[in-house]
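Let me begin by presenting the structure, written as structure tokens, before commenting on it.
What follows is calculated from the coordinates using simple rules that are stated; it is not laboratory data. Because the structure is a prediction, the values reported are computed rather than measured. Using ideal geometry, Cβ is built from the backbone for each residue, glycine included, and neighbour counts are taken over all protein chains shown.
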Amino acid sequence: VVTTLVVRSLSRQEYGMLSLVMSYGLIFNMLNVSVSAILIRDYQKLKGRMDEYMQAFLLFSFIKSGLALLLSAVIGCFLYRHYHSMAMLLVLLLTTVTTVLLYVAEPLSVLLSVRFQQPALTKINLVASLANMLLSAGAILVPTALFVSAKNAVVSLIVLALTVAYAGFRFRSAGAPVGPGRLRLVKECFVGFSVWSHLSGIMTDIIYRADLLILGWLGTPFRAMGNYNVALQMANFAKLLPQIMQYNCSLGLSHREDPRQRDEMTFLFIKYSFLLSLATLVGYGLFGRWGIQLIAGSDVDHIYALGFYMVGGLCLFNTFRPFISYGSVVHDIRECFLFAMVPSTVVALACYGVMGYRWGADGMAKANLVAGLAMSIFMLLYIHTRTSFRWRIALVTEMERALFARVWSKRAASGPVEMPVP
């Protein structure tokens with residue numbers, strides 16, 4: 001709904017300018033080291049000192065925010081020298097504000113996740129999504145990139161306020177991040193799991209988002225940038241459920257010790273990731289043009305062709321996402337980064353640069369398919385040569401049978417469903 005309102009309301013040139021500025025979010029994400037990611041792996045060990053750790057995580061969020069503001073000043077100077085647009089600078093400022101607010105909310109969201117407070121997170125996301133839709137309707141009256149950027153900042157403020165309210169009420173851990181020793185705790189979390197988790201996230205983000213940034217550097221016209229970003233937004237719907245599945249695969253693996261159970265759980269997530277990817281590809285083939293017509297209203301065939309390559313690459317990538325969870329939680333996250341993520345990203349960047357330079361937006365879209373194939377190959381090579389994973393193939397696993405039985409029972413209907421342990 002939001003994409004439709006924004007794309008339909010803004011001119012393609014205005015949307016292209018917004019796309020260019022937001023593509024620099026890739027650089028901001030490189031700053032977004034999540035030291036709180038250590039909770040996904042070590043929550044059971046750290047929960048006795050949770051207030052102390054949360055204060056350290058929030059302190060680090062404020063440090064990241066200061067760096068993001070400095071970085072935005074540098075990017076602003078670069079953009080102004082090339083485009084001489086004050087509106088573009090204001091869009092960049094509001095985008096930075098949005099980023100900073102989400103930086104602060106992130107450690108509290110992770111805490112809610114590892115304590116399995118998904119109902120609270122669902123409420124937060126529901127309210128934020130409804131606010132996003134309502135505010136986006138204002139783009140009909142004020143069809144500018146500046147309005148959309150201001151709207152995004154307001155929505156991120158709502159997310160922060162609700163996250164702080166839920167986390168502070170439930171865990172009493174949203175206090176002021178001050179006191180001696182907090183930076184030491186940040187360093188302890190950063191130098192181990194978190195830095196490698198962040199680097200892996202950067203590699204994934206580059207595969208997902210560097211194409212739009214490179215198109216901007218190649219001097220692609222705003223209209224072509226706008227069309228490409230419409231296709232990219234359509235394709236991005238294909239990664240939402242697989243991202244959720246990967247995150248929950250990590251949570252599930254962190255609560256399992258038995259190697260066989262971990263292998264079965266990983267296979268289970270891969271199976272459903274594959275089925276989702278297959279359904280996504282078929283769905284785009286059947287309904288993609290209709291969706292683009294609804295969202296964009298023009299250049300439908302061109303955007304559909306661009307999106308088909310992007311969706312294909314994402315479906316390949318999404319199928320094997322659970323192996324990232326396995327490598328990060330069960331095996332060695334450093335090896336997952338070095339042997340799977342780095343070579344995948346190098347191949348993706350090479351394809352983006354060469355094919356984008358040679359064939360423009362069309363070549364860049366095809367490069368997405370090559371990047372997805374490369375990621376699949378390198379991930380499978382890493383899993384089979386560096387880890388102890390063994391395929392536990394079954395049409396319906398014992399874990400699924402137990403879970404389905406719980407879901408269908410009256411007992412499950414009267415309370416929350418927990419993943420059973422075979």
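Where in the stretch 126-145 does the amide nitrogen come within less than 20 Å of the point 7 Å from the Cα of Arg8, taken along Cα to Cβ? Under 20 Å, as judged by backbone N against the label point of Arg8, lie 129-145 of the stretch 126-145.
What's the center-to-center distance, using Cα atoms, between the stretch 377-409 and the stretch 279-346 in Å? Cα centroid to Cα centroid, the span is 21 Å.
If the chain linking Ala137 and Val407 were pulled fully straight, counting 0.36 nm for each residue of separation and taking away their Cα-Cα distance, it would gain 93.3 nm. Here the simple spin-label model places points 7 Å from the Cα toward Cβ, and for Arg334 and His255 these points are separated by 3.0 nm. Between Ala165 and Ala394, the modelled label-to-label distance comes to 4.4 nm, taking each label 7 Å out from Cα in the direction of the beta carbon. Take the Cβ-Cβ distance between Leu126 and Tyr80 as r, set R0 to 25 Å, and report the resulting FRET efficiency rounded to the nearest 0.05. So, using R0 = 25 Å, E works out to roughly 0.05. Projecting the Cα atoms of Met203, Thr266, Gly252 onto the charge dipole of the stretch 194-267 (Cβ charges, centred on the Cα centre) puts Met203 farthest toward the positive pole. Principal axis extents of the Cα atoms in the chain, from largest to smallest and rounded to whole angstrom, are 58, 52, 44. The length gained on full extension between Val354 and Val154, counted as 0.36 nm times the residue separation minus their Cα-Cα distance, comes to 68.1 nm.
Note on the chain: with a GNM built from Cα contacts shorter than 10 Å, the maximum mean-square fluctuation among Val142, Val396, Val300 falls on Val396. Taking GluC sites (Glu not before Pro) as exposed when their DSSP state is a loop state and no more than 14 other Cβ atoms lie within 10 Å, the longest site-free interval of the chain runs over 1-256.
Once both labels are positioned 7 Å from their Cα atoms along Cα-to-Cβ, the gap between Met30 and Trp290 label points is 4.2 nm. Between Ala350, Ala296, Ala394, the Gaussian network model of the chain with springs among Cα atoms under 10 angstrom shows the greatest mean-square fluctuation at Ala394. For the chain, calculate the relative contact order in percent as a whole number, restricting contacts to Cα pairs under 8 Å that are 6 or more residues apart. Answer for the chain is 20 percent. Dipole check for the chain: with +1 at the C-beta of Lys and Arg, -1 at the C-beta of Asp and Glu, and the Cα centre as origin, the magnitude is about 600 Debye.
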